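Each remark here refers to the structure printed beneath this line.
The values are calculated or read from the model by the stated rules, or taken from the named source; none is laboratory data. A quick note: this is a predicted structure, and the numbers were derived from the prediction, not measured. Don't worry about glycine lacking a Cβ; one is built from the backbone with ideal geometry, like all the others, and counts go over all protein chains shown. Heavy atoms of the whole protein, side chains included, go into the accessibility calculation; ligands, DNA and RNA do not. Shrake-Rupley method; radii C 1.70, N 1.55, O 1.52, S 1.80 Å.
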Amino acid sequence: LRAEIRELESKLQAKIEEESGALDAYREDTNRVMCLELKEPCRWNSTYQQLKSYVMRTGDLPPVPSACAAEVDRRLSIWVQEMKSLVFSKSERIINAPHRIEALESLGIEWIESSEDRWNSMYGKLVAYKRRHDTVILPSFMQCRKSKDKDLTALRHWVDVQEAEVKSGAMAKRRDRLKKLQNLGLPWKLTWEQDWDHYVVELLKFRSKYGHLNVGLASSPSGNNAHSDLSEFTTQLLERLKKNSTVKLTKEEMRDLGFKGLLGDLNRMAQCPLGRPSTNGNQGMGILRLVPLERVKEVNYWAGMLEQLKFYQAQTGKLTFPPHRGGDPSTREGNNDFAHLRDWVEVQRANFQNKTLEESRIKELRNLGLEFDPWHVMFNRLRKYKREAGTVRLPKDYKSNVSVDKSHDQEKEDEELTVLCKWVQDQIRLYRKDELETERKKKLRKLGVKLTKGHMGKVPWEDRFEEMMDYYHAHKTCLPKRDGPLRQWIIELVNLIQNGYVSNRRQKLIDQERIGPYLRPEVIFGSDSPSMPSSSLEGNKKRKAAVLAQPSDDNSGDDAKKVKIEVMAV
(Lines give C-alpha, C1' and ligand atoms only; values in the text may rest on other atoms or scores of the structure.)
Protein backbone atom coordinates (compact mmCIF):
# COMPACT_ATOMS: atom_id res chain seq x y z
CA LEU A 1 0.00 0.00 0.00
CA ARG A 2 2.78 2.45 0.85
CA ALA A 3 4.47 1.74 -2.48
CA GLU A 4 1.22 2.34 -4.34
CA ILE A 5 0.67 5.59 -2.44
CA ARG A 6 4.19 6.82 -3.31
CA GLU A 7 3.63 5.89 -6.96
CA LEU A 8 0.31 7.79 -7.06
CA GLU A 9 1.92 10.81 -5.38
CA SER A 10 4.72 10.88 -7.96
CA LYS A 11 2.22 10.66 -10.80
CA LEU A 12 0.15 13.47 -9.27
CA GLN A 13 3.24 15.67 -8.86
CA ALA A 14 4.23 15.02 -12.48
CA LYS A 15 0.72 15.94 -13.62
CA ILE A 16 0.80 19.16 -11.60
CA GLU A 17 4.16 20.15 -13.08
CA GLU A 18 2.91 19.35 -16.59
CA GLU A 19 -0.22 21.49 -16.15
CA SER A 20 1.81 24.30 -14.57
CA GLY A 21 4.18 24.29 -17.54
CA ALA A 22 1.28 24.33 -19.98
CA LEU A 23 -0.29 27.24 -18.07
CA ASP A 24 2.99 29.20 -18.14
CA ALA A 25 3.29 28.59 -21.87
CA TYR A 26 -0.29 29.73 -22.39
CA ARG A 27 0.38 32.90 -20.41
CA GLU A 28 3.48 33.65 -22.42
CA ASP A 29 1.58 33.19 -25.68
CA THR A 30 -1.27 35.30 -24.39
CA ASN A 31 1.12 38.02 -23.27
CA ARG A 32 2.81 38.00 -26.67
CA VAL A 33 -0.57 38.30 -28.43
CA MET A 34 -1.62 41.03 -26.01
CA CYS A 35 1.50 43.06 -26.65
CA LEU A 36 0.96 42.75 -30.38
CA GLU A 37 -2.71 43.78 -30.09
CA LEU A 38 -1.84 46.80 -27.94
CA LYS A 39 0.44 48.03 -30.72
CA GLU A 40 -2.41 48.04 -33.23
CA PRO A 41 -3.49 51.57 -34.21
CA CYS A 42 -6.86 52.29 -32.54
CA ARG A 43 -8.36 54.86 -30.19
CA TRP A 44 -8.29 52.63 -27.10
CA ASN A 45 -4.61 51.73 -27.58
CA SER A 46 -3.74 55.39 -28.13
CA THR A 47 -5.43 56.45 -24.88
CA TYR A 48 -3.81 53.53 -23.05
CA GLN A 49 -0.33 54.60 -24.22
CA GLN A 50 -1.05 58.15 -22.97
CA LEU A 51 -2.11 56.74 -19.57
CA LYS A 52 1.02 54.54 -19.45
CA SER A 53 3.25 57.54 -20.18
CA TYR A 54 1.47 59.53 -17.42
CA VAL A 55 2.01 56.73 -14.87
CA MET A 56 5.69 56.38 -15.83
CA ARG A 57 6.16 60.18 -15.56
CA THR A 58 4.28 60.80 -12.26
CA GLY A 59 4.39 57.37 -10.64
CA ASP A 60 0.62 57.32 -9.95
CA LEU A 61 -2.74 57.31 -11.69
CA PRO A 62 -4.46 60.63 -12.45
CA PRO A 63 -6.68 61.98 -9.63
CA VAL A 64 -10.39 62.65 -9.90
CA PRO A 65 -11.35 64.88 -12.85
CA SER A 66 -12.12 67.91 -10.66
CA ALA A 67 -8.60 67.79 -9.17
CA CYS A 68 -6.74 67.69 -12.50
CA ALA A 69 -5.02 70.90 -13.56
CA ALA A 70 -4.40 70.11 -17.25
CA GLU A 71 -7.14 69.26 -19.72
CA VAL A 72 -5.22 66.22 -21.00
CA ASP A 73 -4.97 64.81 -17.47
CA ARG A 74 -8.66 65.45 -16.86
CA ARG A 75 -9.59 63.47 -19.99
CA LEU A 76 -7.35 60.61 -18.90
CA SER A 77 -9.05 60.58 -15.48
CA ILE A 78 -12.49 60.49 -17.11
CA TRP A 79 -11.36 57.61 -19.34
CA VAL A 80 -10.12 55.62 -16.32
CA GLN A 81 -13.47 56.13 -14.57
CA GLU A 82 -15.25 54.96 -17.72
CA MET A 83 -13.14 51.77 -17.84
CA LYS A 84 -13.94 51.07 -14.17
CA SER A 85 -17.63 51.53 -14.88
CA LEU A 86 -17.47 49.11 -17.83
CA VAL A 87 -15.74 46.45 -15.72
CA PHE A 88 -18.15 46.94 -12.81
CA SER A 89 -21.19 46.58 -15.11
CA LYS A 90 -19.55 43.63 -16.97
CA SER A 91 -19.98 45.31 -20.32
CA GLU A 92 -19.07 43.28 -23.42
CA ARG A 93 -16.91 46.18 -24.60
CA ILE A 94 -14.28 45.30 -22.00
CA ILE A 95 -15.17 41.77 -20.81
CA ASN A 96 -14.54 40.32 -24.30
CA ALA A 97 -11.01 41.81 -24.26
CA PRO A 98 -9.37 40.35 -21.13
CA HIS A 99 -5.89 41.42 -22.32
CA ARG A 100 -6.97 45.05 -21.96
CA ILE A 101 -8.13 44.43 -18.40
CA GLU A 102 -4.73 42.88 -17.59
CA ALA A 103 -2.95 45.81 -19.22
CA LEU A 104 -4.87 48.30 -17.09
CA GLU A 105 -4.27 46.24 -13.95
CA SER A 106 -0.51 46.31 -14.69
CA LEU A 107 -0.69 50.12 -14.38
CA GLY A 108 -2.14 49.85 -10.84
CA ILE A 109 -5.89 50.23 -11.49
CA GLU A 110 -7.99 48.44 -8.85
CA TRP A 111 -11.40 47.38 -10.10
CA ILE A 112 -13.09 46.17 -6.93
CA GLU A 113 -12.95 49.03 -4.47
CA SER A 114 -16.07 49.09 -2.34
CA SER A 115 -17.61 52.37 -1.32
CA GLU A 116 -16.93 51.43 2.30
CA ASP A 117 -13.20 50.99 1.63
CA ARG A 118 -13.00 54.29 -0.23
CA TRP A 119 -14.90 56.10 2.54
CA ASN A 120 -12.60 54.67 5.20
CA SER A 121 -9.58 55.63 3.11
CA MET A 122 -10.71 59.25 2.79
CA TYR A 123 -11.66 59.32 6.46
CA GLY A 124 -8.13 58.16 7.32
CA LYS A 125 -6.72 61.01 5.24
CA LEU A 126 -8.95 63.47 7.11
CA VAL A 127 -7.70 62.08 10.45
CA ALA A 128 -4.12 62.49 9.25
CA TYR A 129 -4.86 66.09 8.18
CA LYS A 130 -6.22 66.87 11.65
CA ARG A 131 -3.16 65.31 13.26
CA ARG A 132 -0.87 67.56 11.18
CA HIS A 133 -2.84 70.82 11.35
CA ASP A 134 -4.85 70.31 14.58
CA THR A 135 -8.12 71.10 12.79
CA VAL A 136 -10.60 69.50 10.38
CA ILE A 137 -11.64 72.78 8.76
CA LEU A 138 -10.08 72.59 5.30
CA PRO A 139 -9.37 75.55 3.00
CA SER A 140 -11.93 76.40 0.36
CA PHE A 141 -12.06 74.32 -2.80
CA MET A 142 -10.58 77.13 -4.94
CA GLN A 143 -7.70 77.58 -2.49
CA CYS A 144 -7.03 73.84 -2.63
CA ARG A 145 -6.89 73.96 -6.42
CA LYS A 146 -4.59 76.96 -6.41
CA SER A 147 -2.23 75.12 -4.07
CA LYS A 148 -1.94 72.35 -6.75
CA ASP A 149 -2.08 69.75 -3.99
CA LYS A 150 -4.06 66.91 -5.59
CA ASP A 151 -4.61 65.00 -2.36
CA LEU A 152 -5.85 68.09 -0.55
CA THR A 153 -8.20 68.94 -3.44
CA ALA A 154 -9.62 65.40 -3.47
CA LEU A 155 -10.06 65.49 0.32
CA ARG A 156 -11.86 68.85 0.13
CA HIS A 157 -14.18 67.45 -2.55
CA TRP A 158 -14.92 64.40 -0.37
CA VAL A 159 -15.72 66.57 2.67
CA ASP A 160 -18.10 68.69 0.55
CA VAL A 161 -19.88 65.50 -0.57
CA GLN A 162 -20.30 64.37 3.06
CA GLU A 163 -21.70 67.75 4.06
CA ALA A 164 -24.17 67.65 1.16
CA GLU A 165 -25.34 64.19 2.29
CA VAL A 166 -25.93 65.50 5.82
CA LYS A 167 -27.97 68.46 4.55
CA SER A 168 -30.06 66.28 2.21
CA GLY A 169 -30.71 63.66 4.92
CA ALA A 170 -28.96 60.84 3.07
CA MET A 171 -26.50 60.52 5.96
CA ALA A 172 -29.41 59.47 8.21
CA LYS A 173 -29.03 55.96 6.79
CA ARG A 174 -25.34 55.85 7.77
CA ARG A 175 -25.28 57.20 11.32
CA ASP A 176 -22.06 55.36 12.06
CA ARG A 177 -20.29 57.57 9.53
CA LEU A 178 -21.96 60.71 10.88
CA LYS A 179 -20.90 59.77 14.41
CA LYS A 180 -17.28 59.39 13.29
CA LEU A 181 -17.29 62.78 11.56
CA GLN A 182 -18.91 64.46 14.58
CA ASN A 183 -16.37 62.90 16.97
CA LEU A 184 -13.62 64.20 14.69
CA GLY A 185 -14.90 67.74 15.22
CA LEU A 186 -17.13 68.53 12.23
CA PRO A 187 -20.15 70.61 13.41
CA TRP A 188 -22.77 68.72 11.40
CA LYS A 189 -26.20 67.64 12.68
CA LEU A 190 -29.32 66.23 11.09
CA THR A 191 -32.53 68.23 11.34
CA TRP A 192 -35.46 67.29 13.60
CA GLU A 193 -37.43 65.93 10.63
CA GLN A 194 -34.47 63.82 9.41
CA ASP A 195 -33.92 62.39 12.91
CA TRP A 196 -37.62 61.64 13.52
CA ASP A 197 -38.05 58.16 12.01
CA HIS A 198 -34.80 56.85 13.49
CA TYR A 199 -35.42 57.95 17.05
CA VAL A 200 -39.09 56.90 17.09
CA VAL A 201 -37.96 53.38 16.19
CA GLU A 202 -35.26 53.60 18.89
CA LEU A 203 -37.93 54.62 21.43
CA LEU A 204 -40.01 51.57 20.50
CA LYS A 205 -36.95 49.32 20.93
CA PHE A 206 -36.14 50.98 24.26
CA ARG A 207 -39.66 50.44 25.63
CA SER A 208 -39.66 46.82 24.43
CA LYS A 209 -36.38 46.20 26.25
CA TYR A 210 -36.88 48.14 29.51
CA GLY A 211 -40.68 48.36 29.77
CA HIS A 212 -40.84 52.18 30.03
CA LEU A 213 -39.82 55.35 28.18
CA ASN A 214 -37.70 56.98 30.94
CA VAL A 215 -34.43 56.95 29.00
CA GLY A 216 -32.59 58.59 31.89
CA LEU A 217 -33.28 55.55 34.13
CA ALA A 218 -31.32 53.26 31.80
CA SER A 219 -27.89 54.76 32.58
CA SER A 220 -25.07 52.41 33.46
CA PRO A 221 -23.85 52.01 37.07
CA SER A 222 -20.73 54.05 36.25
CA GLY A 223 -22.92 57.03 35.40
CA ASN A 224 -22.37 56.96 31.63
CA ASN A 225 -25.64 57.04 29.75
CA ALA A 226 -25.45 54.72 26.75
CA HIS A 227 -28.54 56.40 25.27
CA SER A 228 -27.39 60.02 25.39
CA ASP A 229 -28.65 60.87 21.89
CA LEU A 230 -31.99 59.16 22.54
CA SER A 231 -32.27 60.95 25.88
CA GLU A 232 -31.69 64.31 24.21
CA PHE A 233 -34.32 63.54 21.57
CA THR A 234 -36.84 62.43 24.23
CA THR A 235 -36.24 65.64 26.20
CA GLN A 236 -36.97 67.78 23.14
CA LEU A 237 -40.02 65.64 22.39
CA LEU A 238 -41.44 66.14 25.88
CA GLU A 239 -40.80 69.89 25.65
CA ARG A 240 -42.79 70.08 22.40
CA LEU A 241 -45.67 68.15 23.98
CA LYS A 242 -46.11 70.70 26.78
CA LYS A 243 -49.04 73.11 26.47
CA ASN A 244 -46.96 76.26 26.91
CA SER A 245 -44.28 75.19 24.43
CA THR A 246 -43.44 77.64 21.64
CA VAL A 247 -42.51 74.80 19.22
CA LYS A 248 -45.24 72.20 18.78
CA LEU A 249 -45.30 68.83 17.06
CA THR A 250 -46.90 68.73 13.62
CA LYS A 251 -50.10 66.83 12.91
CA GLU A 252 -48.16 64.16 11.01
CA GLU A 253 -45.81 63.65 13.97
CA MET A 254 -48.72 63.41 16.44
CA ARG A 255 -50.45 60.90 14.16
CA ASP A 256 -47.25 58.86 13.89
CA LEU A 257 -46.86 58.73 17.67
CA GLY A 258 -50.52 57.78 18.03
CA PHE A 259 -50.34 54.90 15.56
CA LYS A 260 -47.19 53.56 17.20
CA GLY A 261 -48.75 53.68 20.68
CA LEU A 262 -46.27 56.17 22.16
CA LEU A 263 -48.47 59.26 22.48
CA GLY A 264 -50.25 58.27 25.70
CA ASP A 265 -47.05 57.42 27.62
CA LEU A 266 -45.29 60.56 26.38
CA ASN A 267 -48.23 62.77 27.41
CA ARG A 268 -48.16 61.30 30.91
CA MET A 269 -44.41 61.86 31.10
CA ALA A 270 -44.77 65.46 29.88
CA GLN A 271 -47.16 66.21 32.76
CA CYS A 272 -44.58 65.05 35.37
CA PRO A 273 -41.46 67.10 36.18
CA LEU A 274 -38.41 65.96 34.21
CA GLY A 275 -40.47 63.15 32.71
CA ARG A 276 -40.27 61.14 35.96
CA PRO A 277 -43.06 58.94 37.32
CA SER A 278 -45.40 60.53 39.85
CA THR A 279 -44.40 57.95 42.50
CA ASN A 280 -41.08 57.72 44.31
CA GLY A 281 -38.20 56.88 42.00
CA ASN A 282 -36.71 54.10 44.13
CA GLN A 283 -40.11 52.57 44.64
CA GLY A 284 -40.78 52.66 40.89
CA MET A 285 -37.46 50.98 40.17
CA GLY A 286 -38.25 48.34 42.78
CA ILE A 287 -41.55 47.58 41.10
CA LEU A 288 -39.80 47.21 37.76
CA ARG A 289 -37.41 44.72 39.31
CA LEU A 290 -40.19 42.67 40.89
CA VAL A 291 -42.34 42.36 37.75
CA PRO A 292 -40.94 39.84 35.21
CA LEU A 293 -39.55 41.54 32.12
CA GLU A 294 -41.65 39.42 29.75
CA ARG A 295 -44.80 40.55 31.56
CA VAL A 296 -43.70 44.18 31.33
CA LYS A 297 -43.13 43.81 27.59
CA GLU A 298 -46.53 42.12 27.09
CA VAL A 299 -48.39 44.79 29.09
CA ASN A 300 -46.65 47.61 27.25
CA TYR A 301 -47.38 45.99 23.89
CA TRP A 302 -51.06 45.59 24.78
CA ALA A 303 -51.26 49.20 25.98
CA GLY A 304 -49.57 50.39 22.82
CA MET A 305 -52.03 48.53 20.60
CA LEU A 306 -54.92 49.91 22.64
CA GLU A 307 -53.60 53.44 22.05
CA GLN A 308 -53.42 52.73 18.32
CA LEU A 309 -57.00 51.43 18.38
CA LYS A 310 -58.18 54.60 20.15
CA PHE A 311 -56.35 56.74 17.63
CA TYR A 312 -57.88 54.75 14.75
CA GLN A 313 -61.35 55.27 16.23
CA ALA A 314 -60.71 59.00 16.61
CA GLN A 315 -59.56 59.27 13.00
CA THR A 316 -62.23 57.11 11.33
CA GLY A 317 -65.09 57.24 13.84
CA LYS A 318 -65.50 53.46 13.85
CA LEU A 319 -63.97 50.22 15.07
CA THR A 320 -64.51 48.16 11.93
CA PHE A 321 -61.74 47.47 9.44
CA PRO A 322 -61.69 46.91 5.67
CA PRO A 323 -62.28 43.23 4.84
CA HIS A 324 -59.48 40.96 3.65
CA ARG A 325 -59.10 40.79 -0.12
CA GLY A 326 -57.67 37.92 -2.07
CA GLY A 327 -55.75 37.92 -5.31
CA ASP A 328 -52.95 40.22 -6.27
CA PRO A 329 -51.16 41.78 -3.28
CA SER A 330 -51.20 45.12 -5.07
CA THR A 331 -54.99 45.25 -4.67
CA ARG A 332 -54.60 45.00 -0.92
CA GLU A 333 -52.37 48.04 -0.63
CA GLY A 334 -55.07 50.14 1.03
CA ASN A 335 -55.75 47.43 3.65
CA ASN A 336 -52.15 47.00 4.80
CA ASP A 337 -52.21 50.21 6.86
CA PHE A 338 -54.52 48.68 9.53
CA ALA A 339 -53.87 44.96 9.01
CA HIS A 340 -51.95 44.68 12.29
CA LEU A 341 -54.81 46.36 14.21
CA ARG A 342 -57.44 44.11 12.60
CA ASP A 343 -55.41 40.99 13.46
CA TRP A 344 -54.87 42.20 17.03
CA VAL A 345 -58.63 42.80 17.53
CA GLU A 346 -59.36 39.30 16.22
CA VAL A 347 -56.86 37.88 18.73
CA GLN A 348 -58.65 39.72 21.57
CA ARG A 349 -62.01 38.30 20.45
CA ALA A 350 -60.52 34.80 20.28
CA ASN A 351 -59.10 35.20 23.78
CA PHE A 352 -62.53 36.38 24.98
CA GLN A 353 -64.19 33.29 23.51
CA ASN A 354 -61.54 31.09 25.17
CA LYS A 355 -62.05 32.97 28.48
CA THR A 356 -58.36 33.94 28.64
CA LEU A 357 -58.83 37.70 28.31
CA GLU A 358 -58.37 39.63 31.54
CA GLU A 359 -61.38 41.42 33.04
CA SER A 360 -59.63 44.80 33.05
CA ARG A 361 -58.89 44.48 29.35
CA ILE A 362 -62.45 43.42 28.59
CA LYS A 363 -63.67 46.54 30.42
CA GLU A 364 -61.24 48.78 28.50
CA LEU A 365 -62.32 47.40 25.12
CA ARG A 366 -66.03 47.53 25.95
CA ASN A 367 -65.71 51.13 27.11
CA LEU A 368 -64.18 51.82 23.71
CA GLY A 369 -67.23 50.27 22.03
CA LEU A 370 -65.72 47.00 20.80
CA GLU A 371 -68.08 44.04 20.48
CA PHE A 372 -66.66 40.60 21.23
CA ASP A 373 -69.53 38.54 19.78
CA PRO A 374 -69.20 38.30 15.96
CA TRP A 375 -72.99 38.16 15.63
CA HIS A 376 -73.42 41.49 17.39
CA VAL A 377 -70.66 42.97 15.23
CA MET A 378 -72.56 42.04 12.06
CA PHE A 379 -75.86 43.16 13.58
CA ASN A 380 -74.41 46.59 14.38
CA ARG A 381 -73.08 46.84 10.84
CA LEU A 382 -76.56 45.99 9.52
CA ARG A 383 -78.16 48.59 11.80
CA LYS A 384 -75.68 51.21 10.62
CA TYR A 385 -76.43 50.24 7.02
CA LYS A 386 -80.15 50.76 7.60
CA ARG A 387 -79.51 54.26 8.92
CA GLU A 388 -77.57 55.12 5.76
CA ALA A 389 -79.46 53.09 3.11
CA GLY A 390 -82.97 52.99 4.61
CA THR A 391 -83.63 49.24 4.30
CA VAL A 392 -82.64 45.81 5.53
CA ARG A 393 -84.68 43.92 2.90
CA LEU A 394 -81.60 42.71 1.06
CA PRO A 395 -81.37 40.30 -1.89
CA LYS A 396 -79.41 37.08 -1.85
CA ASP A 397 -76.70 38.48 -4.11
CA TYR A 398 -76.24 42.21 -4.52
CA LYS A 399 -75.20 43.34 -8.00
CA SER A 400 -74.05 46.94 -8.30
CA ASN A 401 -74.02 49.01 -11.48
CA VAL A 402 -70.75 47.86 -13.09
CA SER A 403 -71.07 50.42 -15.92
CA VAL A 404 -70.39 53.29 -13.51
CA ASP A 405 -66.82 54.15 -12.49
CA LYS A 406 -66.64 53.96 -8.71
CA SER A 407 -64.17 55.29 -6.21
CA HIS A 408 -62.25 53.14 -3.74
CA ASP A 409 -64.70 53.99 -0.92
CA GLN A 410 -67.70 53.01 -3.07
CA GLU A 411 -66.06 49.70 -3.92
CA LYS A 412 -65.54 49.01 -0.20
CA GLU A 413 -69.21 49.83 0.47
CA ASP A 414 -70.27 47.37 -2.24
CA GLU A 415 -68.07 44.69 -0.67
CA GLU A 416 -69.58 45.35 2.76
CA LEU A 417 -73.10 45.18 1.30
CA THR A 418 -72.30 41.82 -0.30
CA VAL A 419 -71.15 40.53 3.10
CA LEU A 420 -74.32 41.85 4.76
CA CYS A 421 -76.55 40.16 2.15
CA LYS A 422 -74.86 36.84 2.79
CA TRP A 423 -75.14 37.29 6.57
CA VAL A 424 -78.88 38.12 6.41
CA GLN A 425 -79.49 35.04 4.27
CA ASP A 426 -77.60 32.95 6.83
CA GLN A 427 -79.88 34.26 9.61
CA ILE A 428 -82.97 33.41 7.54
CA ARG A 429 -81.57 29.93 6.94
CA LEU A 430 -80.96 29.43 10.67
CA TYR A 431 -84.50 30.64 11.42
CA ARG A 432 -86.02 28.12 9.00
CA LYS A 433 -83.99 25.36 10.70
CA ASP A 434 -85.19 26.61 14.10
CA GLU A 435 -81.58 27.23 15.16
CA LEU A 436 -81.80 31.01 15.69
CA GLU A 437 -81.90 32.18 19.29
CA THR A 438 -85.06 33.91 20.51
CA GLU A 439 -83.26 37.10 21.55
CA ARG A 440 -81.66 37.40 18.13
CA LYS A 441 -85.02 36.86 16.42
CA LYS A 442 -86.48 39.77 18.36
CA LYS A 443 -83.58 42.06 17.45
CA LEU A 444 -83.76 41.19 13.75
CA ARG A 445 -87.53 41.64 13.59
CA LYS A 446 -87.36 44.92 15.45
CA LEU A 447 -84.77 46.13 12.92
CA GLY A 448 -87.09 45.16 10.04
CA VAL A 449 -85.64 41.87 8.78
CA LYS A 450 -88.35 39.54 7.44
CA LEU A 451 -87.55 35.96 8.44
CA THR A 452 -90.62 34.06 7.21
CA LYS A 453 -90.76 32.22 3.91
CA GLY A 454 -93.63 34.37 2.63
CA HIS A 455 -91.36 37.42 2.51
CA MET A 456 -88.68 35.72 0.42
CA GLY A 457 -88.12 36.91 -3.14
CA LYS A 458 -88.95 40.27 -4.65
CA VAL A 459 -90.02 43.02 -2.23
CA PRO A 460 -93.51 44.44 -2.97
CA TRP A 461 -93.79 47.99 -4.35
CA GLU A 462 -95.78 49.16 -1.34
CA ASP A 463 -93.13 47.91 1.12
CA ARG A 464 -90.42 49.80 -0.73
CA PHE A 465 -92.60 52.91 -0.76
CA GLU A 466 -93.08 52.63 3.00
CA GLU A 467 -89.32 52.31 3.49
CA MET A 468 -88.81 55.41 1.37
CA MET A 469 -91.31 57.38 3.46
CA ASP A 470 -89.63 56.27 6.69
CA TYR A 471 -86.26 57.39 5.34
CA TYR A 472 -87.78 60.72 4.25
CA HIS A 473 -89.27 61.42 7.68
CA ALA A 474 -85.91 60.65 9.31
CA HIS A 475 -83.56 62.48 6.91
CA LYS A 476 -85.82 64.96 5.03
CA THR A 477 -84.80 63.47 1.68
CA CYS A 478 -86.02 60.54 -0.35
CA LEU A 479 -82.73 59.35 -1.86
CA PRO A 480 -80.47 57.44 0.60
CA LYS A 481 -76.86 58.56 0.63
CA ARG A 482 -75.62 54.97 0.40
CA ASP A 483 -76.14 52.65 -2.54
CA GLY A 484 -78.42 49.69 -2.11
CA PRO A 485 -81.77 48.16 -3.15
CA LEU A 486 -83.85 51.12 -1.89
CA ARG A 487 -81.70 53.73 -3.64
CA GLN A 488 -81.88 51.83 -6.94
CA TRP A 489 -85.66 51.42 -6.52
CA ILE A 490 -86.10 55.19 -5.96
CA ILE A 491 -84.03 56.02 -9.05
CA GLU A 492 -86.25 53.71 -11.10
CA LEU A 493 -89.35 55.29 -9.57
CA VAL A 494 -88.20 58.79 -10.50
CA ASN A 495 -87.58 57.59 -14.04
CA LEU A 496 -91.07 56.07 -14.24
CA ILE A 497 -92.71 59.24 -12.91
CA GLN A 498 -90.82 61.44 -15.36
CA ASN A 499 -91.86 59.24 -18.32
CA GLY A 500 -95.46 58.88 -17.09
CA TYR A 501 -95.35 55.10 -16.58
CA VAL A 502 -96.78 54.99 -13.03
CA SER A 503 -100.24 53.48 -12.62
CA ASN A 504 -103.12 55.58 -11.33
CA ARG A 505 -103.31 53.66 -8.06
CA ARG A 506 -99.65 54.21 -7.26
CA GLN A 507 -99.76 57.82 -8.39
CA LYS A 508 -102.72 58.37 -6.08
CA LEU A 509 -100.70 56.94 -3.19
CA ILE A 510 -97.84 59.31 -4.02
CA ASP A 511 -100.25 62.26 -4.11
CA GLN A 512 -101.80 61.29 -0.79
CA GLU A 513 -98.41 61.33 0.92
CA ARG A 514 -97.57 64.63 -0.86
CA ILE A 515 -94.16 63.25 -1.75
CA GLY A 516 -94.38 63.90 -5.48
CA PRO A 517 -92.47 67.25 -5.45
CA TYR A 518 -89.59 65.57 -3.64
CA LEU A 519 -89.32 62.89 -6.35
CA ARG A 520 -88.47 65.33 -9.14
CA PRO A 521 -85.04 64.84 -10.78
CA GLU A 522 -83.86 68.35 -9.92
CA VAL A 523 -84.72 67.73 -6.26
CA ILE A 524 -83.38 64.18 -6.06
CA PHE A 525 -80.14 64.73 -7.95
CA GLY A 526 -79.67 68.47 -7.43
CA SER A 527 -80.02 71.33 -9.89
CA ASP A 528 -76.29 71.40 -10.67
CA SER A 529 -75.91 67.65 -11.08
CA PRO A 530 -76.13 65.84 -14.41
CA SER A 531 -79.39 64.40 -15.67
CA MET A 532 -80.95 61.35 -14.14
CA PRO A 533 -79.48 58.00 -15.15
CA SER A 534 -81.18 56.68 -18.28
CA SER A 535 -82.39 53.08 -18.48
CA SER A 536 -81.74 50.66 -21.27
CA LEU A 537 -84.29 49.89 -24.00
CA GLU A 538 -85.00 46.51 -22.53
CA GLY A 539 -85.67 48.07 -19.12
CA ASN A 540 -88.14 50.53 -20.67
CA LYS A 541 -90.04 47.68 -22.33
CA LYS A 542 -90.35 45.85 -19.04
CA ARG A 543 -91.65 48.98 -17.29
CA LYS A 544 -94.20 49.59 -20.04
CA ALA A 545 -95.43 46.02 -19.74
CA ALA A 546 -95.63 46.41 -15.96
CA VAL A 547 -97.69 49.60 -16.33
CA LEU A 548 -100.16 47.86 -18.64
CA ALA A 549 -100.42 44.95 -16.21
CA GLN A 550 -101.10 47.16 -13.15
CA PRO A 551 -104.76 47.01 -11.97
CA SER A 552 -106.50 50.39 -12.20
CA ASP A 553 -109.62 51.89 -10.66
CA ASP A 554 -113.02 51.37 -12.35
CA ASN A 555 -113.47 55.05 -13.07
CA SER A 556 -110.08 55.37 -14.75
CA GLY A 557 -110.71 53.36 -17.92
CA ASP A 558 -110.24 56.35 -20.19
CA ASP A 559 -106.91 57.15 -18.53
CA ALA A 560 -105.76 53.55 -19.00
CA LYS A 561 -106.68 53.69 -22.70
CA LYS A 562 -104.70 56.92 -23.08
CA VAL A 563 -101.67 55.27 -21.43
CA LYS A 564 -101.94 52.27 -23.76
CA ILE A 565 -102.14 54.57 -26.78
CA GLU A 566 -99.06 56.48 -25.58
CA VAL A 567 -97.16 53.24 -25.04
CA MET A 568 -98.09 52.00 -28.51
CA ALA A 569 -96.92 55.31 -29.97
CA VAL A 570 -93.57 55.02 -28.17
Practice problem: Any of LYS355/LYS386; LYS90/LYS167; LYS396/LYS443; LYS148/LYS173; LYS355/LYS412; LYS260/LYS363 with alpha carbons more than 24 Å apart? Name them for me. | Solution: LYS355/LYS386; LYS90/LYS167; LYS148/LYS173; LYS355/LYS412
Self-check item: Angstrom value of the Kirkwood radius, inverse mean 1/r, which spans all Cα pairs in segment 405-526
Solution: 16.6
Exercise. Could you provide, to the nearest whole Å², the per residue accessible area of segment 1-98 with probe 1.4 Å?
Key: 76
Quiz item: Which of the peptides 504-517, 54-67 is most tightly packed, and how do the rest follow, judged by the mean count of other Cβ atoms within 10 Å per residue?
Solution: 54-67, 504-517
Practice problem: Starting with the highest mean, order 478-490, 460-472 by the number of other Cβ atoms within 10 Å, averaged over the residues of each peptide. | Solution: 478-490, 460-472
Quiz prompt | Proximal aspartates and glutamates to LYS11, defined as alpha-carbon separation beneath 15 angstrom and excluding residues fewer than eight positions away on the same chain | solution = GLU19
Practice problem: Largest first and to the nearest Å, give the Cα extent of segment 11-169 along each principal axis. | Solution: 65, 41, 31
Self-check item: Exposure rank, largest accessible area first [ASP265, ASP117; 1.4 Å]
Solution: ASP117, ASP265
